[in-house]
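Peer 1: Before I ask anything, here is the structure I am working with.
The values are calculated or read from the model by the stated rules, or taken from the named source; none is laboratory data. Being a predicted model, the structure only gives us computed values, none of them experimental. A quick note on method: Cβ atoms are made from the backbone with ideal geometry, for glycine too, and the neighbour counts reach across all protein chains shown.
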Amino acid sequence: MIEGLQRQGYRVSQTDRQFYGCKGLVGRIGPIVVHGGMVVILLGAVVGALGGFIAQEMIPEGETFTISNVTQVGLLGRRLIPQDWAVKVNRFWIDYSEKGKISQFYSDLSVVDRQGKELDRETIYVNKPLRFQGVTLYQASWDIKKIQFRFNQSPLLELPLSPLEGESSGQRVWGTWIPTKPDLSEGISLVVPDLQGTVLIFAPDGSLLHTTRVGSRVEVNGVNLQLVSLVGATGLQIKADPGIPIVYAGFALLMAGVMMSYISYSQVWALKMGDTLYFGGKTNRAQVAFYEELNTLLASLGKMKDQPVGQIET
């Protein structure tokens, strides 16, 4: 019987008149590992809450910024806010689908030191952040900050664009007012729906004067207006969380413990008294398979001894 149990994976210890066997001990340990993983996850959350920070920045294309707009910080998190490097937004652009919907928006970012030397560079987009010295920069949103233009042969001028919300559709658009006379007595309104380059020009009474594109020239109120470019801004969510590796380790333990818990833990005992061998066992799951496994073992012993062997009773 001991040999038969060992062939089925049992580890058996024996004394003179009795033995004990078990298998699937990892299934017994599984729930302990599960609870240990949950404790590690909670520990990682505490470490992240105390030692991390979250910031948000809206930076126009071409500008360099240091992390300053901190929205959430732990008791020990300020030490992780970088003081010796900054981030430059080299370029921001948006990919549009054939129907004019936003497909993806990108930011080409450079990490620079105080002398302006580039330490790292990455093009980020949604679900592909930039990570540097424990700080992660995520692509979160976007905006249109200003429009650059010229009147006749004037130097390059620029004005900020303000976000406007349509009363009917709720779609965001951006607008500004440009004076066309030095005394500011006359002007036009510009409305920009997106970064694709289309610009709507309205008269003071609200009538549409022109629909043009960036790079074109139009004549309004006796002056020649050239729209040079739209300057977009990237919205970044910046986060440092030292508890993330701990949380990942906790999830790994949790998943391993769940899988271990599916393994059946089975035990068997036997005691010999005279010519009778009393045999029993139990398992924590798969009881039908365990019952059939032991019955098969007893049946094989009967064939070896060429004598009947009693069946297991539940």
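Peer 1: Restricting to the range 2-60, give me the number of residues that are within 24 Å of Ala270 (Cα to Cα), assigned to a strand (DSSP E or B) and among the polar types (S, T, N, Q).
Peer 2: Residues in the range 2-60 being within 24 Å of Ala270 (Cα to Cα), assigned to a strand (DSSP E or B) and among the polar types (S, T, N, Q): 3 in total.
Peer 1: Now for a separate question. Where in the range 90-155 are the strands (runs of 3 or more DSSP E), entirely inside, with at least 1 residues that are in contact with a Ser or Thr (Cβ under 6 Å, 6 or more places away or on another chain) and small (Gly, Ala, Ser)? Give the steps one after another, and end with the answer.
Peer 2: On the way: elements: 102-113, 118-125, 130-132, 135-151.
Strands (runs of 3 or more DSSP E) meeting the threshold: 102-113.
Peer 1: Report whether or not Met38 is under 28 Å from the mean Cα position of the chain (by Cα) and not assigned by TED's automatic domain parsing to the domain that holds Lys128.
Peer 2: Yes; evaluated as a whole, the condition is true for this residue.
Peer 1: Confirm whether Ile238 is in the same structural domain as Arg78 (by TED's automatic domain parsing), within 30 Å of Val126 (Cα to Cα), β-branched (Val, Ile, Thr) and not in a helix (DSSP H, G or I).
Peer 2: The answer is yes for Ile238.
Peer 1: Any residue in the range 218-244 that's in contact (Cβ under 8 Å) with a residue 60 or more places away in the chain: show its pairings with residues that are among the acidic types (Asp, Glu) at Cβ separation under 6 Å, as long as the two are six or more apart or on different chains.
Peer 2: Pairs found: Val231/Glu61; Gly232/Glu61; Ala233/Asp143; Leu236/Glu57.
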